[in-house]
Amino acid sequence: MEAARISLNGVKLELLPEGALYWPGRKLLAVADLHLEKASFFAHRGQFLPPYDSRATLDRLERLLGRLPVEQVICLGDSFHDEQARERIDGQSALRLSDLTKSYDWIWIVGNHDPDPRGAWGGRIEEEFIQGALVFRHEAQKGRVAGEVSGHYHPKAAIKVRGRKMLFRAFLEDGKRLLLPAFGSLTGGLDALDPAYAPLFQNGFRVHLLGRKRVASLTAEALA
């Protein structure tokens, strides 16, 4: 796997093809927007989707943690799709979460979908979390940018490949602020050229597209 290496507020970070952020100096891994139990949320409303999204997301997270030296894990909010997701999650997935939170210093950041993501599996909850020169929160705050790491928007970006438009999950950053893509297996996304990003990146931004084995970095001007 080939990561993209960036400097954010003076901190050296790696953007991983899986859609996670790794801080080697602190052995810290951050993921955003797992949206566990999204399929069961829609099933309760009559829109039936394959009920495997939580398991698939946990599979990917466990594989990632297995290949990196990690001591601290930060989930940047919307880890669960809604407030009742904790009651719907299957027993095996709950046990897996419990094993994970016991194995690492696990921090749940509060999101707009999950104001209290704690469950029987453990971990600690924070509105936002400061670690060195970085601040981790769910949603970017205009005007508070130095070292901010957040999720919420599920950024994606499109480029043209051999005349065809292709869409990829993406990181967006400008050296001061970083937006992570959604890590969850059943999540949509907001195009990087959407006007919603303009207040956050008034002087432009760089895009890091997630490929299967590497992250490709380019400027916003290269997007379709």
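Among the residues of the stretch 187-201, is any small (Gly, Ala, Ser) and within 24 Å of Arg63 (Cβ to Cβ)?
Yes, the stretch 187-201 contains a residue that is small (Gly, Ala, Ser) and within 24 Å of Arg63 (Cβ to Cβ).
For the stretch 89-171, list the strands (runs of 3 or more DSSP E) that sit wholly inside it and hold at least 1 residues that are open to solvent by 30 Å² or more (accessible area, probe 1.4 Å), touching a residue at least 24 places away in the same chain (Cβ under 8 Å) and over 21 Å from Leu21 (Cα atoms); which are they?
155-161
Can you tell me which residue among Phe48, Phe80 is open to solvent by 50 Å² or more (accessible area, probe 1.4 Å) and modelled with pLDDT under 95?
Phe48
Answer yes if at least one residue in the stretch 188-203 is farther than 25 Å from Asp78 by Cβ and either in a loop (DSSP other than H, G, I, E, B) or open to solvent by less than 40 Å² (accessible area, probe 1.4 Å) (or both), and no otherwise.
Yes, the stretch 188-203 contains a residue that is farther than 25 Å from Asp78 by Cβ and either in a loop (DSSP other than H, G, I, E, B) or open to solvent by less than 40 Å² (accessible area, probe 1.4 Å) (or both).
Out of all the residues in the stretch 172-182, which are of a type in the set (A, V, I, L, M) and either assigned to a loop (DSSP other than H, G, I, E, B) or modelled with pLDDT under 95 (or both)?
Leu180
The values are calculated or read from the model by the stated rules, or taken from the named source; none is laboratory data. Predicted model only: the values in this text are computed from it and were never measured. Heads up, the Cβs are rebuilt from the backbone with ideal geometry, glycines too, and the neighbour counts pull from every protein chain shown. Ligands, DNA and RNA are excluded from the accessible area calculation, which covers all protein heavy atoms including side chains. Shrake-Rupley method; radii C 1.70, N 1.55, O 1.52, S 1.80 Å.
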